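Below is one structure, written out as C-alpha coordinates; comments come after it.
The values are calculated or read from the model by the stated rules, or taken from the named source; none is laboratory data. Note that this is a predicted model, so its numbers are computed, not measured. Note: ideal-geometry Cβ built from the backbone for every residue, glycine included; neighbour counts use all protein chains shown.
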Amino acid sequence: MAPTKIPRFSDLPLNKDDPFHSAWGLYGKDDQLGTLNRLTDEVVLEAAKEIKTGVRISLNWPLDAQAETPFFARQAFHQNLYSKPPRCVNDDVWTLNTQSSSQWDGPRHFGYQQERRFYNGATLEDIHKPGSSHLGIGAWSESSIVSHTILLNYHTQRLAQTPSPTTPFPRRQRSPNAPQSRRRSTAHRHQTRRHPHHYHSLRLHGRVQQHHPRGDADDDGEKPTAPCWAGVEQSEAVLEWIWIWE
(Lines give C-alpha, C1' and ligand atoms only; values in the text may rest on other atoms or scores of the structure.)
Protein backbone atom coordinates (compact mmCIF):
# COMPACT_ATOMS: atom_id res chain seq x y z
CA MET A 1 0.00 0.00 0.00
CA ALA A 2 1.30 3.44 -0.92
CA PRO A 3 2.16 5.76 1.99
CA THR A 4 0.09 8.91 2.37
CA LYS A 5 3.19 11.06 1.93
CA ILE A 6 6.17 10.40 -0.33
CA PRO A 7 9.44 11.69 1.16
CA ARG A 8 11.53 14.18 -0.73
CA PHE A 9 14.40 12.80 -2.77
CA SER A 10 16.79 14.80 -0.60
CA ASP A 11 15.50 12.89 2.46
CA LEU A 12 16.71 9.55 1.11
CA PRO A 13 17.88 7.14 2.39
CA LEU A 14 15.21 6.80 5.06
CA ASN A 15 17.64 5.02 7.39
CA LYS A 16 21.16 6.38 7.75
CA ASP A 17 22.75 2.93 7.45
CA ASP A 18 21.03 2.11 4.15
CA PRO A 19 22.64 2.69 0.71
CA PHE A 20 22.47 6.13 -0.88
CA HIS A 21 19.08 7.23 -2.27
CA SER A 22 17.41 3.99 -1.21
CA ALA A 23 13.86 4.06 0.13
CA TRP A 24 13.96 0.74 1.94
CA GLY A 25 11.11 0.35 4.39
CA LEU A 26 8.89 3.02 2.85
CA TYR A 27 6.32 0.41 1.83
CA GLY A 28 7.11 -2.04 4.63
CA LYS A 29 10.11 -4.21 5.42
CA ASP A 30 8.67 -7.22 3.55
CA ASP A 31 7.49 -5.30 0.48
CA GLN A 32 8.37 -6.62 -2.99
CA LEU A 33 6.61 -4.05 -5.21
CA GLY A 34 8.58 -0.86 -4.58
CA THR A 35 7.13 2.20 -6.29
CA LEU A 36 4.51 0.00 -7.98
CA ASN A 37 2.68 0.46 -4.68
CA ARG A 38 1.75 3.89 -6.03
CA LEU A 39 -0.22 2.25 -8.84
CA THR A 40 -3.44 2.03 -6.85
CA ASP A 41 -6.92 1.19 -8.17
CA GLU A 42 -7.78 4.89 -8.06
CA VAL A 43 -4.70 5.80 -10.10
CA VAL A 44 -5.49 3.16 -12.76
CA LEU A 45 -9.08 4.42 -12.97
CA GLU A 46 -7.82 7.95 -13.65
CA ALA A 47 -5.46 6.62 -16.33
CA ALA A 48 -8.33 4.82 -18.07
CA LYS A 49 -10.19 8.13 -18.44
CA GLU A 50 -7.47 9.34 -20.84
CA ILE A 51 -8.20 6.67 -23.48
CA LYS A 52 -9.40 8.43 -26.64
CA THR A 53 -9.19 6.02 -29.61
CA GLY A 54 -8.51 2.55 -28.22
CA VAL A 55 -5.56 2.05 -30.62
CA ARG A 56 -3.11 -0.49 -29.19
CA ILE A 57 0.64 -0.29 -29.86
CA SER A 58 2.97 -3.12 -28.95
CA LEU A 59 6.36 -2.23 -27.49
CA ASN A 60 7.52 -5.84 -27.50
CA TRP A 61 10.79 -6.87 -29.09
CA PRO A 62 10.86 -10.19 -31.02
CA LEU A 63 12.05 -13.11 -28.91
CA ASP A 64 14.82 -13.77 -31.44
CA ALA A 65 15.90 -10.12 -31.73
CA GLN A 66 19.34 -11.08 -30.41
CA ALA A 67 19.46 -14.43 -32.19
CA GLU A 68 23.03 -14.06 -33.47
CA THR A 69 24.96 -12.65 -30.53
CA PRO A 70 22.94 -11.82 -27.40
CA PHE A 71 24.25 -8.97 -25.28
CA PHE A 72 26.85 -9.88 -22.65
CA ALA A 73 27.27 -13.39 -24.13
CA ARG A 74 23.88 -14.52 -22.85
CA GLN A 75 22.12 -17.62 -24.13
CA ALA A 76 20.48 -17.16 -27.53
CA PHE A 77 16.80 -17.83 -28.16
CA HIS A 78 15.98 -21.27 -29.55
CA GLN A 79 12.62 -22.58 -30.71
CA ASN A 80 11.84 -26.25 -31.12
CA LEU A 81 8.62 -26.66 -33.08
CA TYR A 82 7.38 -30.22 -33.38
CA SER A 83 4.23 -32.02 -34.47
CA LYS A 84 2.39 -34.72 -32.54
CA PRO A 85 1.19 -37.30 -35.09
CA PRO A 86 -1.16 -38.85 -35.87
CA ARG A 87 -3.09 -35.81 -34.63
CA CYS A 88 -2.90 -32.48 -36.45
CA VAL A 89 -1.23 -30.74 -33.49
CA ASN A 90 1.92 -28.67 -32.97
CA ASP A 91 3.78 -27.81 -29.78
CA ASP A 92 6.62 -25.37 -29.11
CA VAL A 93 9.52 -25.55 -26.67
CA TRP A 94 11.34 -22.24 -26.19
CA THR A 95 14.73 -21.82 -24.56
CA LEU A 96 15.86 -18.28 -23.84
CA ASN A 97 17.47 -15.91 -21.42
CA THR A 98 14.75 -13.46 -20.42
CA GLN A 99 17.24 -10.60 -20.87
CA SER A 100 17.47 -11.34 -24.61
CA SER A 101 14.17 -9.65 -25.48
CA SER A 102 11.63 -7.25 -23.99
CA GLN A 103 11.55 -7.72 -20.23
CA TRP A 104 11.00 -6.07 -16.89
CA ASP A 105 13.96 -6.15 -14.53
CA GLY A 106 12.86 -7.34 -11.11
CA PRO A 107 14.38 -5.77 -7.98
CA ARG A 108 16.64 -8.80 -7.56
CA HIS A 109 18.39 -8.33 -10.91
CA PHE A 110 20.97 -5.69 -10.01
CA GLY A 111 21.84 -4.76 -6.46
CA TYR A 112 23.99 -2.20 -4.70
CA GLN A 113 27.45 -3.41 -5.62
CA GLN A 114 29.41 -2.13 -2.64
CA GLU A 115 26.87 -3.23 -0.04
CA ARG A 116 25.97 -6.40 -1.97
CA ARG A 117 22.33 -5.90 -1.08
CA PHE A 118 19.12 -5.78 -3.05
CA TYR A 119 15.79 -4.05 -2.34
CA ASN A 120 14.94 -3.87 1.37
CA GLY A 121 18.32 -5.36 2.24
CA ALA A 122 17.91 -8.77 0.58
CA THR A 123 21.12 -10.75 0.05
CA LEU A 124 22.26 -13.11 -2.67
CA GLU A 125 21.74 -15.93 -0.20
CA ASP A 126 18.09 -14.89 0.30
CA ILE A 127 17.47 -14.94 -3.43
CA HIS A 128 19.29 -18.20 -4.17
CA LYS A 129 17.59 -20.29 -1.52
CA PRO A 130 16.02 -23.39 -3.14
CA GLY A 131 12.58 -22.51 -4.46
CA SER A 132 12.91 -18.83 -3.55
CA SER A 133 10.86 -16.32 -5.54
CA HIS A 134 11.90 -13.42 -3.32
CA LEU A 135 11.96 -10.09 -5.21
CA GLY A 136 10.98 -11.78 -8.48
CA ILE A 137 8.46 -10.26 -10.85
CA GLY A 138 5.88 -12.82 -9.75
CA ALA A 139 4.74 -10.39 -7.06
CA TRP A 140 3.95 -7.87 -9.80
CA SER A 141 1.83 -10.32 -11.79
CA GLU A 142 -0.58 -10.81 -8.90
CA SER A 143 -2.09 -7.39 -9.57
CA SER A 144 -0.49 -6.70 -13.00
CA ILE A 145 0.82 -3.37 -14.29
CA VAL A 146 -1.78 -1.25 -16.05
CA SER A 147 -1.33 2.47 -16.53
CA HIS A 148 -0.84 5.27 -19.04
CA THR A 149 2.50 5.50 -20.86
CA ILE A 150 3.80 8.74 -22.34
CA LEU A 151 6.15 8.39 -25.31
CA LEU A 152 8.88 11.03 -25.20
CA ASN A 153 9.98 11.05 -28.83
CA TYR A 154 13.52 12.30 -28.34
CA HIS A 155 14.57 10.77 -31.67
CA THR A 156 12.19 12.96 -33.69
CA GLN A 157 13.33 16.02 -31.77
CA ARG A 158 16.96 15.20 -32.61
CA LEU A 159 16.11 14.94 -36.32
CA ALA A 160 14.51 18.39 -36.19
CA GLN A 161 17.78 19.94 -35.08
CA THR A 162 20.02 21.81 -37.52
CA PRO A 163 22.15 20.16 -38.70
CA SER A 164 20.16 16.99 -38.29
CA PRO A 165 22.14 14.26 -36.42
CA THR A 166 21.07 11.37 -38.64
CA THR A 167 24.19 9.20 -38.35
CA PRO A 168 24.45 6.35 -35.84
CA PHE A 169 26.25 6.91 -32.57
CA PRO A 170 30.01 6.32 -33.03
CA ARG A 171 31.20 2.85 -32.04
CA ARG A 172 33.98 4.10 -29.78
CA GLN A 173 31.98 6.92 -28.24
CA ARG A 174 30.81 6.63 -24.67
CA SER A 175 27.19 5.57 -24.34
CA PRO A 176 25.04 8.45 -25.60
CA ASN A 177 22.32 9.68 -23.30
CA ALA A 178 19.34 11.97 -23.12
CA PRO A 179 20.03 14.54 -20.39
CA GLN A 180 17.28 15.67 -18.05
CA SER A 181 17.08 19.10 -19.71
CA ARG A 182 16.45 17.54 -23.13
CA ARG A 183 13.79 15.21 -21.78
CA ARG A 184 12.03 18.19 -20.21
CA SER A 185 12.24 19.97 -23.58
CA THR A 186 10.77 16.94 -25.35
CA ALA A 187 7.94 16.74 -22.84
CA HIS A 188 7.27 20.45 -23.29
CA ARG A 189 7.06 20.08 -27.08
CA HIS A 190 4.40 17.41 -26.62
CA GLN A 191 2.62 19.55 -24.00
CA THR A 192 3.06 16.73 -21.52
CA ARG A 193 2.28 17.12 -17.85
CA ARG A 194 3.28 14.34 -15.50
CA HIS A 195 0.73 12.57 -13.34
CA PRO A 196 1.05 9.73 -10.80
CA HIS A 197 -0.44 7.27 -13.31
CA HIS A 198 2.03 8.08 -16.08
CA TYR A 199 4.91 5.87 -17.15
CA HIS A 200 7.49 7.28 -19.52
CA SER A 201 8.83 5.53 -22.60
CA LEU A 202 11.80 7.32 -24.15
CA ARG A 203 12.44 6.83 -27.89
CA LEU A 204 16.12 7.54 -28.42
CA HIS A 205 16.73 6.32 -31.97
CA GLY A 206 14.93 5.13 -35.06
CA ARG A 207 16.29 1.60 -35.10
CA VAL A 208 17.87 -0.58 -32.46
CA GLN A 209 20.70 -1.45 -34.86
CA GLN A 210 21.83 2.18 -34.90
CA HIS A 211 22.79 1.99 -31.24
CA HIS A 212 25.62 -0.47 -31.97
CA PRO A 213 24.54 -2.32 -28.83
CA ARG A 214 26.27 -5.62 -29.46
CA GLY A 215 29.79 -6.33 -28.39
CA ASP A 216 31.05 -6.88 -31.93
CA ALA A 217 34.70 -7.14 -32.85
CA ASP A 218 36.14 -3.98 -34.36
CA ASP A 219 37.37 -3.85 -37.95
CA ASP A 220 40.98 -4.15 -36.85
CA GLY A 221 40.35 -7.53 -35.23
CA GLU A 222 40.24 -6.39 -31.61
CA LYS A 223 38.39 -8.40 -29.02
CA PRO A 224 34.63 -7.74 -28.74
CA THR A 225 33.91 -4.41 -27.11
CA ALA A 226 31.42 -3.75 -24.35
CA PRO A 227 27.95 -2.80 -25.59
CA CYS A 228 27.41 0.91 -26.16
CA TRP A 229 23.93 1.76 -24.94
CA ALA A 230 21.77 4.76 -25.59
CA GLY A 231 19.82 5.73 -22.51
CA VAL A 232 19.02 8.38 -19.97
CA GLU A 233 21.75 10.34 -18.27
CA GLN A 234 23.30 8.60 -15.26
CA SER A 235 23.01 11.38 -12.71
CA GLU A 236 21.33 12.26 -9.43
CA ALA A 237 19.20 14.80 -11.32
CA VAL A 238 17.67 11.98 -13.37
CA LEU A 239 17.09 9.87 -10.26
CA GLU A 240 15.25 12.76 -8.65
CA TRP A 241 13.21 13.36 -11.82
CA ILE A 242 12.12 9.71 -11.76
CA TRP A 243 11.34 9.79 -8.04
CA ILE A 244 9.13 12.88 -8.15
CA TRP A 245 5.70 12.31 -9.66
CA GLU A 246 4.71 15.90 -10.39
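Pairing each residue of the range 110-138 that is among the β-branched types (V, I, T) with any residue that is surrounded by 18 or more Cβ atoms within 10 Å (Cβ to Cβ), provided the two are 6+ apart or on different chains, yields C-beta distances under 6 Å for I127/R108; I127/H134; I137/G106. The numbered conditions (1) under 30 Å from G121 (Cβ atoms); (2) hydrophobic (A, V, I, L, M, F, W, C); (3) part of a helix (DSSP H, G or I) are all true for L26 except (3). For the range 106-137, a residue qualifies if it is surrounded by 10 or more Cβ atoms within 10 Å (Cβ to Cβ), out of contact with any helix residue (DSSP H, G or I) (no Cβ under 8 Å at 6 or more places or on another chain) and at positive phi, and the qualifying residues are N120, G121.
In the range 81-105, the residues that are at positive phi and at pLDDT below 95 never reach a residue that is small (G, A, S) and part of a loop (DSSP other than H, G, I, E, B) with C-beta atoms less than 9 angstrom apart, at least six apart or across chains.
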